[in-house]
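So the structure is just underneath, and the comments pick up after that.
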There are 2 protein chains.
Amino acid sequence: MSRKTSALRKKAKVPAAVSAGYRKGEETRQRILDAALKAFGAASFKAVTTRRISEAADVSLPTLQYYFGDKEGLYRACAETIVERYRGHMAMAGTRAAAPLKTRCVGEAARAQLKAVIEALGGFLVGSKEAQLWTPFVHRELRDPGPAFEILYENLWRPGVELIARLIARIWDRPDDDPDARIRALLLIFGLLAFQPGRSLSLRTMRWSSIGPEELAKVLSSLDAQIDAIAAPVST
Amino acid sequence: MSRKTSALRKKAKVPAAVSAGYRKGEETRQRILDAALKAFGAASFKAVTTRRISEAADVSLPTLQYYFGDKEGLYRACAETIVERYRGHMAMAGTRAAAPLKTRCVGEAARAQLKAVIEALGGFLVGSKEAQLWTPFVHRELRDPGPAFEILYENLWRPGVELIARLIARIWDRPDDDPDARIRALLLIFGLLAFQPGRSLSLRTMRWSSIGPEELAKVLSSLDAQIDAIAAPVST
DNA sequence: CTGAATATCTATCAAGTGATAGAGTTTCTG
DNA sequence: CAGAAACTCTATCACTTGATAGATATTCAG
């Protein structure tokens, strides 16, 4: 009877795998997912072939279909996995960051919080080995929306932007959904993204050979300066 | 004998077309190029099929090979075309912007220049109908380098970053190649890019239905504020 | 230990892809 | 008006790709 684990498996035609009773191929499923994550991180949906993934995962081609229905299902599963793992990674920083929103922190307190959030985000994006892998996937999908857009937008992008926009709004002592704060948040985040999705460009521009703690520190310092300089806009 | 027009045509096996003496299919070549530009703008290299391009250009498949050798040649030709047309579009702003570098403009003068450049760039990226088309192409290629990376990097990215970095350096009265200025330039440019390559994300975030003159003005206003806030960094 | 559910494999398919061969058609030079 | 060069087309190939069929192996509850 094999009940589907989580969400509906695309066409549900082959709910397959990871049933209730006994499992063992769960490991296989994970192996495939890892290979897919790496592959889709490195190239576009079309450019990645299911065959190569199956080879990397050391399974036979049909095994992919068995576990994920079709290529798109696998792709979607990757997005879900990223969201899950991201939550794990940012748990600490996330808690530390979401809290002050409930609190009545404004002005300088918000500014400090914002710096902390940016630092955490920067540290994750640049420092984490896994992020290195997902980032291309996430941004490729976000920039030209595909089957996984909604998942990533709702669970990664939106919460992130929302958080930062609110903190900026608090610095200005404005309502949480202030449009100017949103713009500012976008500018800030995309700036940071220069050093991850845009890493290859930044490396060349800066004549760095890699972005380590030292380089990251310089970037964060620049971002801090930018945050320090955030003052209430002239008009709305 | 048909001598090749410009650069070596990939394998030069089929230098073809656009020879010296008489031509007429130059128009066809252009038609193909336009179709390819649009196609490669909308999807990745792999995702675009030469057939679809040929259909859009209303020619037969082999015609593409005749003019551009192979798919990659066509792709490269697109990059070259973008560079050319970009030069045309930014001629005024470019001249207006490159001049002050020779001049001994510093401090506030440089700041004003920087604003002008950003405004010009923003206006082009968001306003121009063509930019709408190229931007995805350019950034996809720049973010994960393909056959056209060098062309685009050297002719679009590098000059742009260089210009802006220098202007920032002048605001600080620092040497032209100041690393902090470079970082700042990257942050600034990527921020602006939020509203073009990252357009779909920004639209959703801002709850805008499009980015017209009104929206652009708000973005530029925010960028201006950011430029106004550029003060010499604490340390190097 | 047995048998049903699960897991995985070896072909094999049908569709689509980039590219070429080679024959016609048009276009301009002399 | 030749006739050579440029242009464009109709097949057709060789190959890749995602997916399925159907047999086989594995696993675990009882």
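Taken together, the residues in the stretch B:135-163 that are touching a Gly at 6+ places or on another chain (Cβ under 6 Å) and either within 23 Å of B:Leu223 (Cβ to Cβ) or away from every other protein chain (no Cβ under 13 Å) (or both) amount to 1.
Of all residues in the stretch B:177-212, those that are of a type in the set (Val, Ile, Thr), under 13 Å from B:Val161 (Cβ atoms) and facing chain A (nearest Cβ under 7 Å) total 1. Where helices (runs of 4 or more DSSP H) fall entirely within the stretch A:34-125, those with at least 1 residues that are at pLDDT 90 or above are at A:50-56, A:61-68, A:71-89, A:107-122. From the list B:Leu152, B:Leu186, B:Leu201, the lone residue that is at pLDDT 95 or above, crowded, with 19+ Cβ neighbours inside 10 Å, in a helix (DSSP H, G or I) and under 13 Å from the mean Cα position of the chain (by Cα) is B:Leu152.
In the stretch B:155-183, what residues are in a helix (DSSP H, G or I) and of a type in the set (Phe, Trp, Tyr)?
If we filter the stretch B:155-183 for residues that are in a helix (DSSP H, G or I), which is where we start, we get B:155-171, B:179-183.
Within the stretch B:155-183, B:Trp157 is the sole residue that qualifies.
Cβ separations smaller than 7 Å between residues 6+ apart or across chains give the following pairs from the stretch A:61-77 residues that are within 14 Å of chain B (Cβ to nearest Cβ) to residues that are modelled with pLDDT of 95 or more and within 12 Å of DNA strand C (Cβ to nearest atom): A:Lys71/A:Thr50.
The values are calculated or read from the model by the stated rules, or taken from the named source; none is laboratory data. Computed from a predicted structure; not experimentally measured. With ideal geometry, Cβ positions are generated from the backbone for all residues, glycine too; neighbour counts draw on all protein chains shown.
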